[in-house]
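K.L.:
Got a structure for you, written out below as structure tokens; questions coming shortly.
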Amino acid sequence: MRLSSTTKYFQNHCLKYYPKRILRWILIVLILLVFLSIITLLLDNTYNSSSPSLPLSSYMNLGSDTNSIFEKLHITKPNTIVANNNNDPLQSLQPEHAMVNHLFGQEEIDDLHAPKITWIDDNVWEHVPVKGVLYMFLRNEDLQQARSTIRSIEDRFNHNVGYPWVILSNQYLSPSFKKYLTKVVTKGRIFFGRVDRETWNYPKWIPTYHAGFFFHHPLMQNADYSWRVEPSAYYSCEMEDPFLKMKTLNKTLGFVMTSYEEKMAVRSLWSVTGAFTKQQSSDQIRPSNETIMPWLLNDSSEYNFCHIWSNFMILDLTFLRSEQYQAYFRFLDYSGGFFYESWSDGAVITLAAAMFLKREELYFFNEIGYEYRFGVHCPLSLTDYYPRCSCDVELTTDFNRDSCTISMLQYVDKHRIHDIAKFARRHLMIGDRARSLLSGF
Ligand SMILES: *[C@@H]1O[C@H](CO)[C@@H](O)[C@H](O)[C@H]1NC(C)=O
Ligand SMILES: *[C@@H]1O[C@H](CO)[C@@H](O)[C@H](O)[C@H]1NC(C)=O
Ligand SMILES: *[C@@H]1O[C@H](CO)[C@@H](O)[C@H](O)[C@H]1NC(C)=O
């Protein structure tokens, strides 16, 4: 009854008396809808235009008329990358990281009850000799490995020193997760920080973060040295304060493992780096007789794909914060290779070290026992190894085909190769490759 009377009312009144008004309203709604979809489209385009849009190949036609050391490498001049060129594609390009909204850390909005800590106060370092930070980038699924790695560092060194930990993540870390990690840190404090969740969720972005952004995070801002710790890495020896060693020896980059990079992953990094050096004035790039650059060249003076592993690396952060390093990173960021080829942060930092650091600024931590994935380093030294380590020195991979460590030491610390050779001949069953690497020492 009621329904049919409503219908009747509608027929009698609305359609008969208000047809124009109804039509007008329909028209207004339609116009509004069209307007809204145009705005949505426009916004979409703005977003897309900030993603890398030029293929790397457009940077690959480089020339050959400068005096940088890349001259030898038959890399041609970067016609398309010359600064102040009106057709410069970089002018219209956004760097890859422009996709990121909150680069410099985010508050823990999910964790309302936790105190909001956005930077590390100086007094956190009052009881330690160096403003060092143990830094780990973490995802929820890495919890178990992260815990045992932190534990191994605490056990082997940090339990009686107490350097702070900084755990950065692109995911929400639950309070119980944090509690679980906090329990293994015995003396120092542990800080949790967030990096933009959506953007850095994509695994390809993680090397970009390690190479160019982590040290901008507010939690890292007061630190002088960072020690990158990778979940699932294992530290097998007692350690004397590595931060202090870096500082007293005036070292900038401390490492323990090197290897040949997967070629696909750094295919164009070398030539883009060559293009970068041509943009720089000659005093910006150190001559190769002062750097590890010769270590990176094969017999035909091209890149041999050696690089320093960054999963354990101690860095004097003034290096990454320097104008030179920042300029290099920006150049790479613009070129798109982090995204298209997943350039590894280890290779990027290695090439930066080869351009900007003196040989004596690098330090090989022979005394640190370290295991990560297929790599094992057990100290190649009698005094370091026997009293302090649980690793099996026969398993050390420093003499393997994919390691470049011994050839690096020719430039960085020749004296060390003598000690290693002596130790290896007396105490190890060494193969042909080790013998040839150590011959002459
Ligand atoms: C480190 O540098 C400082 C200042 O430049 C200098 O006094 C000191 O002797 C250097 N130490 C070493 C081990 O080279
Ligand atoms: C490197 O070579 C240049 C000349 O090419 C020379 O002036 C300089 O002293 C050399 N540096 C070292 C550390 O040998
Ligand atoms: C040197 O490395 C390049 C690739 O970077 C390769 O094409 C070339 O064959 C290598 N030369 C030698 C002598 O190994």
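K.L.:
Sorted by accessible area (1.4 Å probe), largest first, how do ASP384, ASP392, ASP299, ASP283 line up? All intermediate terms of the calculation are to be shown ahead of the outcome.
P.N.:
On the way: ASP384 35, ASP392 75, ASP299 165, ASP283 120 Å².
Solvent-accessible surface, decreasing: ASP299, ASP283, ASP392, ASP384.
K.L.:
For the range 116-220, what is the accessible area per residue in Å² when the probe is 1.4 Å?
P.N.:
Working: 4110 Å² over 105 residues.
I get 39 Å² per residue for the range 116-220.
K.L.:
Here's a follow-up. How long are the semi-axes of the ellipsoid equivalent to the range 328-388, from square roots of 5 times the Cα gyration tensor eigenvalues, in whole Å, largest first?
P.N.:
Details: eigenvalues 213, 53, 6 Å².
After scaling each eigenvalue by five and taking roots: 33, 16, 6 Å.
K.L.:
I would also like to ask the following. If you project the alpha carbons of the range 302-441 onto their three principal axes, what span does each projection cover, largest first, in Å?
P.N.:
Computed over the Cα atoms, the extents are 51, 30, 28 Å.
K.L.:
Right, something else. Grab the alpha carbons of the range 133-177, take their convex hull, and tell me the volume per residue in Å³.
P.N.:
Values: hull volume 3.3 nm³, N = 45.
Expressed per residue, the convex hull around the Cα atoms of the range 133-177 is 74 Å³.
K.L.:
Right, another one. What is the gain in length, in nm to one decimal, between THR186 and ARG139 on full extension, counting 0.36 nm per residue of separation less the C-alpha to C-alpha distance?
P.N.:
14.7 nm
K.L.:
Right, here's the next one. Holding the Cα-Cα limit at 29 Å, pick out from LYS131/LYS178; LYS204/LYS245; LYS204/LYS414; LYS187/LYS247; LYS183/LYS245; LYS131/LYS183 the pairs that are longer than that.
P.N.:
Those over the limit are LYS204/LYS245; LYS204/LYS414.
K.L.:
State, in angstrom, two size descriptors of the range 130-243 derived from its alpha carbons: Rg to one decimal place and Dmax to the nearest whole number.
P.N.:
Looking at the range 130-243, its Cα Rg and Dmax stand at 13.4, 39 Å.
K.L.:
Taking a virtual spin label 7 Å from the Cα of ASP402 along the C-beta vector, which residues in the range 201-233 bring their backbone nitrogen under 17 Å of it?
P.N.:
Correct set: 233.
K.L.:
Given a 1.4 Å probe and the protein chains all in place, what does the accessible area of TRP270 round to, in Å² to the nearest 10?
P.N.:
In the full protein context, TRP270 sits at about 20 Å².
K.L.:
On the full set of protein chains, 1.4 Å probe, figure out the accessible area of HIS307 and give it in Å² to the nearest 10.
P.N.:
We get 10 Å² for HIS307.
K.L.:
Subtract the Cα-Cα distance of ASP392 and GLU238 from 0.36 nm times their separation in residues, and report this length gain in nm to one decimal.
P.N.:
Numbers: separation 154, 0.36 × 154 = 55.44 nm, distance 1.44 nm.
Full-extension gain reported as 54.0 nm.
The values are calculated or read from the model by the stated rules, or taken from the named source; none is laboratory data. This structure is a prediction, so every number in the text was calculated from the model and none was measured. Every residue, glycine among them, receives a Cβ derived from its backbone with ideal geometry; neighbour counts consider all protein chains shown. Areas reflect the complete protein model, heavy atoms only, side chains present, ligands, DNA and RNA absent. Shrake-Rupley method; radii C 1.70, N 1.55, O 1.52, S 1.80 Å.
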